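J.: Please find one structure pasted underneath; my questions will follow.
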Amino acid sequence: MTEIACPHISHPRITVLGVHPGEPPFRIVEVDGEVVGRATSLVEVLDVAWEAGVTVHDLDDPEVVRWVGGDKLTWTPRREREPQGARHQERRRQGPGHQEPG
């Protein structure tokens with residue numbers, strides 16, 4: 001098998017793990033497989049990476065950053081987020097004539 005026939009597998013230097021509950025919620029940041037810090041925002045991801053010697057020009061580039069447990073805009077723990085479709089399921093359970101309070 002030649003290199004051309006092999007699929008490209010990306011190994012980004014930065015991995016941002018899923019959101020951990022806390023006040024404020026945070027995400028663990030790894031550089032080259034080592035935990036280097038925690039971040040509570042996109043800016044802190046850049047700061048932590050820079051302190052570890054990595055300059056990031058594009059947080060959307062999968063060759064540079066791997067986002068686990070959500071994308072770069074996910075900063076709330078999973079159990080605090082409303083499950084996808086939950087509001088629709090609740091309305092369907094209440095029936096077609098139900099009015100939202102308010």
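J.: Quick one: ILE14 ticks every box in (1) surrounded by fewer than 11 Cβ atoms within 10 Å (Cβ to Cβ); (2) of a type outside the set (Gly, Ala, Ser); (3) modelled with pLDDT of 95 or more except a single one, so which number is it?
T.: For ILE14, the failing item is (1).
J.: Can you tell me which residue is farthest from GLY22 (Cα to Cα) among those in region 32-58 that are modelled with pLDDT of 95 or more and hydroxyl-bearing (Ser, Thr, Tyr)?
T.: Checking each candidate, the answer is SER41.
J.: Could you please tell me which pairs satisfy a Cβ distance under 6 Å, a separation of 6+ or placement on different chains, a first residue in region 59-73 that is surrounded by fewer than 16 Cβ atoms within 10 Å (Cβ to Cβ) and at pLDDT below 95, and a second residue that is of a type in the set (Asp, Glu) and not in a loop (DSSP other than H, G, I, E, B)?
T.: none
J.: Continuing with this model, one more query. So HIS98 fits all but one of (1) loosely packed, with under 12 Cβ neighbours inside 10 Å; (2) over 17 Å from PRO24 (Cα atoms); (3) at pLDDT 60 or above; what number is the exception?
T.: (3)
The values are calculated or read from the model by the stated rules, or taken from the named source; none is laboratory data. Everything quoted here is computed from the prediction, not taken from an experiment. Note that each Cβ is placed from the backbone with ideal geometry, even for glycine, and that neighbours are counted across all protein chains shown.
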